[in-house]
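Shown next, in structure tokens, is the structure this report addresses.
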Amino acid sequence: MKISILGTGYVGAVTGACFAELGNDITFVDIDPTKLDCIRTGRSPIYEPGLDELLTRNLHRISATTDTTQAIRDTDATFICVGTPSNPDGSIDLRYIESASRDIGLVLQEKEGWHTVVMKSTVVSGTTKGIVRSTLEEASGKEAFRDFGLASNPEFLKEGSALADVFSPDRIVIGAEDPRSREVLETLYASFDCPKLVTAIPVAEMIKYVSNAFLATKISFANEIGNLCKLMGIDTAEVFAGVGLDARINPAFFRSGIGFGGSCFPKDVRALIAQAEASGLHPKILSSVVAVNEDQPLRLLALLRKHIPDLKGKRIGVLGLAFKPDTDDIRESRAIPIVSALLDAGADVIAYDPLAIANFQSFFPEITYASSAAEVLESDAVLIITEWKEFEALDYTGRLVLDGRRIQKAAVGSIYEGVCW
Ligand code: UGA
């Protein structure tokens, strides 16, 4: 199949490379020529383990261009993978989705033959059959589902393990309402033997949001219980190991600590809340998920103040800046509120992360960046923010360590406390 991918951010880059690996011809489209240059030379525009190799291996099936018209004209299906930033009220900003839809519609006006438009970006339920459909129809003068295909195919990728998530998915969700779009997506995923759920388009969009909201809810629930377990002197990890053995519950995403960050959970939960509010509902559980999550990093700071009441002039080491290990992504990283609060309190912050220093530095140029994790240990207190594997290999003997993520090895510190244990 010939597929164009609009947007070469995280979702677009991974999706396009994986579709190429499946044997399809891929045209990546972006307005940023540097990203396209990367792709053309087999380098990923974003950090994701294995993606460079995948692009390099499939370069003969890959092209990259800024010419949207040509890309759409020359392909059978277009996946919209552009960004959906947040508005100040938490709802999603659809300006890139709308302009991608307009670009596609203008090409479809002239194009003969069937073309399928697939929404891959995370959009709140109703978006594809709402603004996307109306923009496509207005720009093309054609009718969706009759003259061209329209479908939703949400992604369930985790940064750091995205390739495994694509090639060994728990399920594939296909939101398709016309037989030809359904066939295009079923053909694309024919080699996968996981459950494939074909639903109405708004249902597929909702499955994506509800999956993320539920996983975020599990984490905030684990954190609330973790806060209680800590007060009671109970090991919360043992509690959840037992709870997770119930097949109805499942052990995943019960790791308590300083909460969830990243480009998805915080944004998606807020967008779902905003959608509910716009419909006149005030979602209590979702609001609490956000409230617990915002409180967790502050609990680590409260622990620090218990041991060092006045942080002014104290050297505080920060281990980890990325929102989770195996990524350089700092979006909504718990390191952000923690470092901000440390600076407000007058602390001297020294931080280390294996991948995320450059990204963090552009927001926090005023702190010291260490060239090794060991250097950070030479501090009045060490805060563990991201559970990088290499932090398990450090010698924490004699240190004051406050752990937001549960690094087992750190428990040898002269004082060691976890945020929920
Ligand atoms: C998340 C979902 O897991 C993916 O299924 C989804 O496709 C993706 O969002 C998306 O919408 O694109 P991601 O944000 O890459 O993936 O990372 P996760 O591994 O889910 O971690 C998110 C945050 O939750 C991290 O800050 C992590 O440290 C935290 N977390 C995770 C916990 O605090 N406890 C846990 O038990 C698990």
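The values are calculated or read from the model by the stated rules, or taken from the named source; none is laboratory data. Remember, it's a predicted structure, so these values are computed and weren't measured experimentally. Glycine also receives a Cβ, built like all others from the backbone with ideal geometry; neighbour counts cover every protein chain displayed. Heads up: the accessible areas ignore ligands, DNA and RNA and are worked out on the full protein's heavy atoms, side chains in. Shrake-Rupley method; radii C 1.70, N 1.55, O 1.52, S 1.80 Å.
Odds and ends about this structure:
- Residue in region 90-112 that is part of a strand (DSSP E or B) and open to solvent by 50 Å² or more (accessible area, probe 1.4 Å) present: no
- When the residues of region 395-413 are filtered to those that are at pLDDT 95 or above and open to solvent by less than 20 Å² (accessible area, probe 1.4 Å), the one that is farthest from the ligand (Cβ to nearest atom) is Tyr396.
- Any hit, region 195-216, residues being open to solvent by 50 Å² or more (accessible area, probe 1.4 Å), at pLDDT 95 or above and among the acidic types (Asp, Glu): no
- Scope region 160-186; condition touching a Gly at 6+ places or on another chain (Cβ under 9 Å), open to solvent by less than 20 Å² (accessible area, probe 1.4 Å) and within 13 Å of the ligand (Cβ to nearest atom); matching residues: Ala162
- Criterion violated by Ile258 - all others in (1) surrounded by 14 or more Cβ atoms within 10 Å (Cβ to Cβ); (2) among the β-branched types (Val, Ile, Thr); (3) in a helix (DSSP H, G or I) satisfied: (3)
- Residue within region 302-321 that is in contact (Cβ under 8 Å) with a residue 40 or more places away in the chain, buried (at least 20 other Cβ atoms within 10 Å of the Cβ) and part of a loop (DSSP other than H, G, I, E, B) present: yes
- Test: residue in region 44-62 that is of a type in the set (Val, Ile, Thr), touching a Ser or Thr at 6+ places or on another chain (Cβ under 7 Å) and assigned to a helix (DSSP H, G or I): no
- Any hit, region 381-392, residues being farther than 29 Å from Leu228 by Cβ, surrounded by fewer than 24 Cβ atoms within 10 Å (Cβ to Cβ) and of a type in the set (Gly, Ala, Ser): no
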